[in-house]
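Notes follow once the structure below has been shown.
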Amino acid sequence: MKITSDFLVIGSGIAGLSYALKVADRGTVAVVTKRDMSETATNLAQGGIAAVLSEHDSFDAHAEDTMVAGAFLSHEDVVRMVVESGPEAIRDLIDWGVEFTRGEDDNYDLTREGGHSHRRILHSKDITGREIERALVEAVRKHPNITLYENHIAIDLITEAKTANRQILPNRCLGAYVLDIPGNDVITFGARFTVLATGGAGKVYLYTCNPDVATGDGVAMAYRAGASIANMEFMQFHPTTLFHPHAKRFLISEAVRGEGAILKRRDGTAFMGEYHKLKDLAPRDVVARAIDNEMKVHGDDCVFLDITHKGPDYIKERFPNIYETCLSFGIDMTVDPLPVVPAAHYLCGGVVVDTWGETNIGNLFAIGETSCTGLHGANRLASNSLLEGVVYGNRAAIRCIERVTDHLPPFPSIEPWDCGSATCSDEEVVVAHNWDEIRRSMWNYVGIVRSNKRLVRALRRITMIQEEITDYYWDFLITSDLIELRNIATIAELIVRCALERHESRGLHYTIDYPDTDDGNWKRDTVVSKGL
Ligand code: SIN
């Protein structure tokens with residue numbers, strides 16, 4: 001089966017859906033998403049979206065905070081552009097129906113998070129992402145030019161070079177092969193423009209607050225197609241996720257610390273003052289490393305986040321979702337400090353793109369967490385990710401629309417998917433085992449504090465698993481579990497390779513072998529590619 005459209009969007013979070021809405025009046029749009037529309041990281045975002053909206057704030061201050069958090073690896077031109085696009089991005093969201101929380105004076109309530117020098121985070125209580133996803137999904141469902149393909153998972157990109165089975169420069173993307181999961185059928189999606197908006201890759205680690213869909217599919221597919229990938233060593237660990245056997249690393253928003261919560265040891269002493277002058281509102285990499293250190297030094301399973309001093313009425317009104325969720329696990333945050341641990345949260349690296357979201361493969365774009373735009377550098381400033389998603393959704397749309405007005409060639413013919421002599425697998429246990437082994441190796445050897453020895457050990461294991469996956473991939477009919485396994489193995493390999501390459505510690509990459517930052521040699525991105 002073959003489906004053609006002008007624009008193919010893979011992923012249904014803030015970046016993909018805002019792009020779809022921006023291009024939909026200019027052509028047909030197919031949105032492919034591997035579960036339900038709203039099963040995205042956007043939907044889980046609690047804190048909010050950063051933008052300069054207060055007269056006390058400035059673009060300079062937001063840019064400076066972003067550069068500092070990013071350990072000065074962020075690209076200054078990109079930072080400036082994104083920060084200055086903030087107010088327009090917020091207007092777009094409001095026009096699409098997003099409702100942000102207002103204060104008593106009826107102005108938007110601006111909260112604070114780590115690394116921000118001003119109050120500049122718009123939020124919808126503590127379910128900002130859910131509110132944004134709701135509004136965007138509603139708008140997308142109403143648009144007659146947009147067709148949604150839920151429960152469809154992309155397998156691989158189709159490029160001219162791949163179709164011709166030889167090197168073609170410049171290469172061009174023609175669409176993607178996609179598995180219709182319930183129909184168990186591989187569909188060829190042909191498109192003039194293909195946009196990767198598949199989100200992040202937290203599932204490559206054993207503990208993550210990301211949704212199950214975060215398997216780095218866009219980055220892995222782009223890498224296999226020959227795109228440049230950068231800065232994969234910079235995986236952000238969120239300092240505070242709920243420590244509870246049944247909580248699956250539920251996020252405790254940084255806004256809780258923004259509103260005054262204090263990190264404490266088991267005996268009740270506050271400790272962040274011993275690590276950074278901004279104490280509990282230090283940049284995220286500093287707080288996550290401090291917690292990791294506290295747990296190791298004191299042999300504790302977790303540390304504690306205390307906001308009880310703000311009183312029950314305030315806590316229930318400001319953080320209703322966090323309050324209710326913790327209560328469902330038997331923890332009343334108005335009375336007791338919350339047990340918290342760090343968990344994998346955000347991939348700062350990704351597919352290298354220009355300031356319009358275009359990759360080094362023609363007509364292939366990457367936006368949102370899938371991309372590496374240069375905004376986040378070595379560590380993302382809190383709440384800059386939703387902002388980046390809308391800004392680049394818009395910019396990629398502008399670039400594609402400019403090209404739509406040219407005389408477009410007819411769709412090239414694309415070979416349908418060939419499953420060869422593959423049969424149904426009777427060894428699903430191999431897939432499950434390999435999933436677990438990759439995630440455990442990454443957590444144990446490629447976590448918050450790294451060393452050469454551990455990285456090499458991880459790479460050895462990942463390489464062995466990749467060999468098994470390759471055999472399995474050719475011998476058995478494809479399933480979504482196998483597609484995701486193949487992708488997390490690629491992501492694990494890329495993270496380790498980038499980490500091994502960087503001989504310094506900077507932002508989220510901390511290694512005991514090179515504990516200092518080395519601006520002379522390493523103030524640059526780590527770029528890897530497979531070749532065509
Ligand atoms: C949070 O609410 O702490 C997450 C915000 C973010 O990661 O930007």
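Overview of values
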{"read-out": "Set of lysines near Lys279 by C-alpha distance (under 29 Å), chain-local residues within fewer than 8 positions excluded", "value": "Lys125, Lys248, Lys264, Lys296, Lys310, Lys316, Lys523"}
{"read-out": "Three-way shape label, region 15-172, alpha-carbon gyration tensor, a/c 1.5", "value": "oblate"}
{"read-out": "Within region 376-433: Cβ-based charge dipole about Cα centre, in debye rounded to nearest 20 (Lys, Arg +1; Asp, Glu -1)", "value": "600"}
{"read-out": "Segments 103-109, 450-456, 77-83 sorted - mean Cβ within 10 Å per residue, highest first", "value": "77-83, 450-456, 103-109"}
{"read-out": "Region 176-245: relative contact order as a whole-number percent, Cα under 8 Å and 6+ apart", "value": "18"}
{"read-out": "Cα point-scatterer Debye curve for region 178-335, base-10 log of I(q)/I(0) at q = 0.12 Å⁻¹", "value": "-0.68"}
{"read-out": "Cα-derived Rg to Rh of region 1-95, Kirkwood definition", "value": "1.06"}
{"read-out": "Ratio of Rg to Rh over the chain (Cα coordinates, Kirkwood Rh, two decimals)", "value": "0.95"}
{"read-out": "Charge dipole (the chain, unit charges on Cβ, about Cα centre) - positive-most of Asn379, Ile495, Asn452", "value": "Asn452"}
{"read-out": "Around Asp6: net Lys/Arg minus Asp/Glu count, Cβ-Cβ under 12 Å", "value": "+2"}
{"read-out": "Ordering of 86-94, 335-343 by burial proxy (mean other Cβ atoms within 10 Å per residue, highest first)", "value": "335-343, 86-94"}
{"read-out": "Prolate/oblate/rounded call for region 341-397, Cα gyration tensor, a/c under 1.5 rounded", "value": "prolate"}
{"read-out": "Protection proxy ranking, peptides 350-357, 377-384, 475-482, average beta carbon neighbours within 10 Å, highest first", "value": "377-384, 350-357, 475-482"}
{"read-out": "Anisotropy class of region 341-437 from Cα gyration tensor, a/c 1.5 cut", "value": "oblate"}
{"read-out": "Positive-end residue, the chain charge dipole about Cα centroid, Cβ charges, pick of Phe100, Ile252, Thr128", "value": "Ile252"}
{"read-out": "Estimated dipole of region 95-209 in Debye, rounded to 20 [Cβ of Lys and Arg +1, of Asp and Glu -1, Cα centre]", "value": "520"}
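Any read-out appearing in this document is the output of simple, stated calculations on the displayed coordinates, not a laboratory observation. Since we're looking at a predicted model, the values are computed, not measured. Cβ atoms come from the backbone with ideal geometry, glycine included; neighbour counts cover every protein chain shown.
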